[in-house]
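The values are calculated or read from the model by the stated rules, or taken from the named source; none is laboratory data. Please read all numbers here as calculations on a predicted model, not as lab measurements. Backbone-built Cβ (ideal geometry, glycine too); neighbour counts: all protein chains shown. Protein only, heavy atoms only, side chains kept; ligands, DNA and RNA dropped before computing areas. Shrake-Rupley method; radii C 1.70, N 1.55, O 1.52, S 1.80 Å.
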Amino acid sequence: MGQKINPLGFRLGTTQSHHSVWFAHPKNYSLGLQEDQKIRHCIKNYIQKNMRISYGVEGIARIEIRKRIDLIQVIIYMGFPKLVLDGGIRRVEELQRNIQKELNCLNQKLNITVTRIPSPYGQPKILGEFIAGQLKNRVSFRKAMKKAIELTEQADTKGIQVQIAGRLDGKEIARVEWIREGRVPLQTIRAKIDYCFYTVRTIYGILGIKIWIFLED
């Protein structure tokens, strides 16, 4: 069986759930989707502009959006919430105003909450950002992968697989290199696997990073 399906979509309804929860008629579905994209871009742009980001890591694991008729609830899961909470409630209110201005929503109330994740390096998104930051700083890709695995082991996971593709170390021919530690059962639907795909722009070209983390059965 080919491994060409997204591991998160493969497990929807068993160990994975949707990051956006709302209902819309087929006519308005595309508008709701664009609204979600605007919210996510607005949050990421705000954090990149206003925060002191260390090691190139924004710290956002995922953004969940739940919509009702009169309310849009946005939950930001962060590994390092001090990035937003350094300015207290003022930062969150400013972010809320930016999103409201972007969406121009008059009839719906917007509510933003920031939730802290206990072990940030157990999240593939944060780990992908960390590896991307290392590669931008010209660290060898093998060192970056090994360091990422060390950080994940501290987060108490059962297994991890990291794959980097592209012109590694500036070589003429693009290739794929990967490393695995522990168990990563990709074909088992009941296995809770978190996955992330991240691209990084280096002086040699664009590299693609894929991360699979096996959390639990």
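Identify all residues within region 152-190 that are part of a loop (DSSP other than H, G, I, E, B) and touching a strand residue (DSSP E or B) at 6+ places or on another chain (Cβ under 6 Å); write none if there are none.
Keep residues of region 152-190 that are part of a loop (DSSP other than H, G, I, E, B), which gives 155-158, 167, 171-174, 183-190.
Hits for region 152-190 are Thr157, Lys158, Arg167, Ala174, Arg183, Val184.
Here is a check on your reading of the model: is Ser30 modelled with pLDDT of 90 or more, surrounded by 13 or more Cβ atoms within 10 Å (Cβ to Cβ) and small (Gly, Ala, Ser)? Reasoning before the result, please.
Values: modelled with pLDDT of 90 or more: yes; surrounded by 13 or more Cβ atoms within 10 Å (Cβ to Cβ): no; small (Gly, Ala, Ser): yes.
Taking the combined requirement at face value, the residue does not satisfy it.
Is it the case, given these coordinates, that Glu129 is open to solvent by 40 Å² or more (accessible area, probe 1.4 Å) and either among the acidic types (Asp, Glu) or part of a helix (DSSP H, G or I) (or both)?
Considered against the rule, which asks whether it is open to solvent by 40 Å² or more (accessible area, probe 1.4 Å) and either among the acidic types (Asp, Glu) or part of a helix (DSSP H, G or I) (or both), Glu129 comes out as no.
What is the residue count in region 64-76 for residues that are surrounded by 16 or more Cβ atoms within 10 Å (Cβ to Cβ) and among the acidic types (Asp, Glu)?
Looking only at that region, the number is 1.
Identify, please: which residue in region 176-188 is open to solvent by 70 Å² or more (accessible area, probe 1.4 Å) and at pLDDT 90 or above and is, among those, farthest from Ser119 (Cα to Cα)?
So the residue we want is Val176.
Out of Ala144, Ala61, report the one residue that is open to solvent by less than 30 Å² (accessible area, probe 1.4 Å), in contact (Cβ under 8 Å) with a residue 40 or more places away in the chain and within 19 Å of the chain's Cα centre (by Cα). Steps first, answer last, please.
Working: Ala144 fails: in contact (Cβ under 8 Å) with a residue 40 or more places away in the chain.
Exactly one residue qualifies, and that residue is Ala61.
Could you list, in sequence order, the residues of region 14-30 that are farther than 18 Å from Arg62 by Cα, in a loop (DSSP other than H, G, I, E, B) and not β-branched (Val, Ile, Thr)?
Hits for region 14-30 are Phe23, Ala24, His25.
If you take the residues of region 116-126 that are open to solvent by 10 Å² or more (accessible area, probe 1.4 Å) and assigned to a helix (DSSP H, G or I), which of them is nearest to Lys147 (Cα to Cα)?
Among residues in region 116-126 that are open to solvent by 10 Å² or more (accessible area, probe 1.4 Å) and assigned to a helix (DSSP H, G or I), the one nearest to Lys147 (Cα to Cα) is Tyr121.
Would you say Phe80 is surrounded by 14 or more Cβ atoms within 10 Å (Cβ to Cβ) and at pLDDT below 80? Show your work before the answer.
Values: surrounded by 14 or more Cβ atoms within 10 Å (Cβ to Cβ): yes; at pLDDT below 80: yes.
For Phe80, the condition - surrounded by 14 or more Cβ atoms within 10 Å (Cβ to Cβ) and at pLDDT below 80 - is met.
Search region 173-185 for residues that are touching a residue at least 40 places away in the same chain (Cβ under 8 Å) and pair each with any residue that is surrounded by 13 or more Cβ atoms within 10 Å (Cβ to Cβ) and not in a loop (DSSP other than H, G, I, E, B) when their beta-carbon atoms are under 9 Å apart and the residues are at least 6 apart or on different chains.
Taking only residues 6 or more apart or on different chains, not a single pair turns up.
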